[in-house]
1. Given the structure, is I400 buried (at least 20 other Cβ atoms within 10 Å of the Cβ), touching a helix residue (DSSP H, G or I) at 6+ places or on another chain (Cβ under 7 Å) and not basic (K, R)?
2. On the given criteria, is I266 touching a Gly at 6+ places or on another chain (Cβ under 8 Å), of a type in the set (A, V, I, L, M) and either buried (at least 19 other Cβ atoms within 10 Å of the Cβ) or over 16 Å from D225 (Cβ atoms) (or both)?
3. List the helices (runs of 4 or more DSSP H) that sit entirely inside segment 516-590 and contain at least 2 residues that are over 28 Å from the mean Cα position of the chain (by Cα) and without any contact (Cβ under 8 Å) to a residue 60 or more places away in the chain.
4. In the set I36, I5, I17, which member is in contact (Cβ under 8 Å) with a residue 12 or more places away in the chain, in contact with a Leu (Cβ under 9 Å, 6 or more places away or on another chain) and open to solvent by 40 Å² or more (accessible area, probe 1.4 Å)?
5. With a cut-off of at least 2 residues that are within 30 Å of D133 (Cα to Cα) and of a type outside the set (K, R), name the strands (runs of 3 or more DSSP E) lying wholly within segment 3-108.
6. Filter segment 634-660 for residues that are open to solvent by 10 Å² or more (accessible area, probe 1.4 Å) and assigned to a helix (DSSP H, G or I) and give the result.
7. Sort through K141, K123, K135 and tell me the only one that's closer than 22 Å to A208 by Cα, charged (D, E, K, R) and touching a residue at least 24 places away in the same chain (Cβ under 8 Å).
Amino acid sequence: MKYSIQHITQWITAENIILVDQDATIQFLCFDTRKIVQAPNTLFFALVGERRNGHHFIEKAYDLGIRNFVVNESVDQDKMPKANFLFVKNTLTALQQLTQNHRLQFDIPVIGITGSNGKTIVKEWLFQLLRTDDKIVRSPKSYNSQIGVPMSVWRMNKSHQLAIFEAGISQKEEMDKLSNIIQCTLGVFTNIGDAHSLGFASIKEKIAEKIKLFASAKTIVYCKDHRIIDDAFSTIKNKKYFTWGQDATSNLIVIGNEIVDNQREIKLVQEEATATIHLPFIDDASFENAMHGIAMMRYLDYDFETIKKRIQQLEPLALRLELKQGLRNCVLVNDSYNADLDSLQIGLDFLRQQHSRERLVLILSDIFQTGEEALVLNQKIANLINEKEVQDVVLIGAEILGVQTFLNKTIQVFYYPSTQHFLKQLHAHRFRNASILLKGARSFGFEKIAQKLEKKSHNTVLEINLNALKNNLKVYTKHLQPGKKIMAMVKASAYGSGSFEVARLLEVQGVDYLTVAYPDEGMELREAGIQLPIMVLNAHENSFDVLLQYQLEPEIFSFKQLGSFIQFLEKEEIENPWPIHLKLDTGMHRLGFQEKDINALVKVIQATECVKVKSIFSHLTSSDIPAHDAFSKKQFLLFEKMKDQLKPICSKEVLAHLLNSGGILRFPNYQLDMVRLGIGLYGIDSTGMVQEELQVVSTLKATISQIKEVNPLDTVGYNRAGEVTEPKRIGTISIGYADGYDRAFSQGKGRVWIKGKLAPVIGNVCMDMTIIDLTQIPNAEEGDEVIVFGKEIPIQQLAKQLGTIPYEVLTDISSRVKRVYYED
């Protein structure tokens, strides 16, 4: 739908208005310059977050064609003479007001979903179950936040007959705002758990806050077996409820629930009607999620026969986008199980965010069941592709060819009627140095394409959760005083996580500086397109040329190193002073200038025009150990004294920094101008102060290669170290000490996680394999996933067993272990 700019001005109660184009119409909303679609009809909200201020990107948005802005800070109108500006008190509140009024334009059923877990899956499965009968608008992916909900609701238009939105909160008073925007007529409460509990005094308080979503709902669906949820709803008298569960007072009673032939067979009773339904999934979470869908369908008067048929058609969801290494220096974003306009836009945005190659390539199948006419759908798809500056497009399917008509002429297009036809001609493409997005409906089997394009490696992977990384950055940001800058440590391949992918995300999230250990790490980041300033901790004479070539800034810690660098710069005859970072030794006694060196250091730098001091810094020896707080204070005071002595060579812009991850939390008064965030980013809090708020970033996974039965008196592994005293079932898994799984985990000291249980190592850890005892896990099968560390087995636990620190465990993961990056 389109609204006039005057109409929108009234809805968001703008305090001041500058309308250059009073005839402007708005169809799209945007708060991120990387996600602009049809700029002339887009309204840009300059949202202000903890690390990023949208007002800093207004001129960039203007250059990209946007002419309508909602702001709450002053702007330079002379630089944007054709722009409309709506001034408000709070831009996020204005976004929510606008979408709340937009919602009021529609009188259709709206299902609101909340709970601790399963919101997105329940939403997607309800969409799959109901889309045959109604044209449905729904939240893209997990868009359930204070920003995500407004952006989801804005997608409603007059063609929709049903809406399904999810809402998530992390603290009190958030749900009122989301409830006013969604204004659901029906509700689903999935369950309650520990997720996002830190913002609430108790589980009961969290439930009470979530229930606020249903303020306008006439009927709410939930599982009556969750007693604490049932008790909460029992106090609300003006609502109707449709419940399910084993509880005999439920509207839909589960009288049978068992696994039969690798399916879950459930038997249901509702008044006089009975049914036996087979779910194509056997896990408990899928059972609960599917039951919410069945209960909603029964409330909507669907007969059991229809439900049986549609439940069998439910598809597992790929709720995350994975970034993998491809052949011939390609990167591959595999989203081969979802095909709709929303997920296409999300996939393209993710691809561009991670884009580090010469070309952007999209491989796209037919998109089904959108409710759009083919011509309209094809034009919308083409607009997305054009906006995202894709260079090569491979179209696969009977209907998708029509997209070509609307694509820019500069885009190279290839067409194949089926996946099989494309695979037969794949050799002809030989994609090289490209970022490739696979986007296909499940029936097209794009996983076969992924297998062909993916770089082959063994079955051990280190999964990197980019959303968890973003969460952890926010956790530490909350503990910073206003105006403090963040230097993110991405040395040692970002603690084993992969430098470029992590650096790209941190750049997008607005950190101020990056730090690497050696110049070649900085070189790789620059070649991958990273633009942030980069400090190099270990820069020696043989690598000075790399510093200049790739705009890297060295840590300077000794007179010899400083003299050599100045001499090198003089020979290069550089035009401008080169930025350097002075390392001061305040007690670590590792690297750095001591107090007695300061006067001489000042004289050396004053005598040259080749360098300028960008920052001065030091390192607390024991920031996370309270017993050494007195020494930490002594270090701080010495640093302040040395900093004062360096004033003759330091301008007002020179940054001072002292604190690492632990110091950020324990010494807020020592935050100075900037802090250095390292291991905390990766979900490890050495102080224990915020560990519950942090999320696991890295999960190391292997697979079971083979399972065998062994008898008493048999032995297992090298040197017959694994003695068998009773019949055992053993498995060989695809990880060894060459992958970073230490030999110290041999002979029962190490344990891995399989199907919800721990399996001990038997015998010695081998170079490429490890043997485990599966006797207590009879349902384990060859090919099953094995978790070596992650949420189930914290990396801190492994480090403690080895008598070391989590840093070492992470950085020991071999480069041959494939890194897989994903966003939930």
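1. On the way: buried (at least 20 other Cβ atoms within 10 Å of the Cβ): yes; touching a helix residue (DSSP H, G or I) at 6+ places or on another chain (Cβ under 7 Å): no; not basic (K, R): yes.
No; evaluated as a whole, the condition is false for this residue.
2. Here the answer is yes, as I266 does meet what is asked.
3. In segment 516-590, the matching helices (runs of 4 or more DSSP H) lie at 544-549, 559-572.
4. Answer to the check: I17.
5. Working: elements: 16-18, 28-30, 42-45, 68-71, 84-87.
Per the criteria, 28-30.
6. The answer is K634, F636, L637, L638, E640, K641, K643, D644, Q645, K647, P648, I649.
7. Numbers: K141 fails: closer than 22 Å to A208 by Cα; K135 fails: closer than 22 Å to A208 by Cα.
It is K123.
Results for (1) closer than 30 Å to F789 by Cβ; (2) β-branched (V, I, T), shown as yes or no for each residue.
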| residue | (1), (2) |
| --- | --- |
| L569 | no, no |
| L584 | no, no |
| R590 | yes, no |
| K603 | no, no |
| I625 | yes, yes |
| D644 | no, no |
| I649 | no, yes |
| Y670 | no, no |
| G678 | yes, no |
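The values are calculated or read from the model by the stated rules, or taken from the named source; none is laboratory data. Nothing here was measured: the structure is a model prediction, and the numbers come from that model. Virtual Cβ from ideal backbone geometry, glycine too; neighbours counted across all protein chains shown. All accessible areas refer to the heavy atoms of the entire protein, side chains included, with ligands and DNA or RNA removed. Shrake-Rupley method; radii C 1.70, N 1.55, O 1.52, S 1.80 Å.
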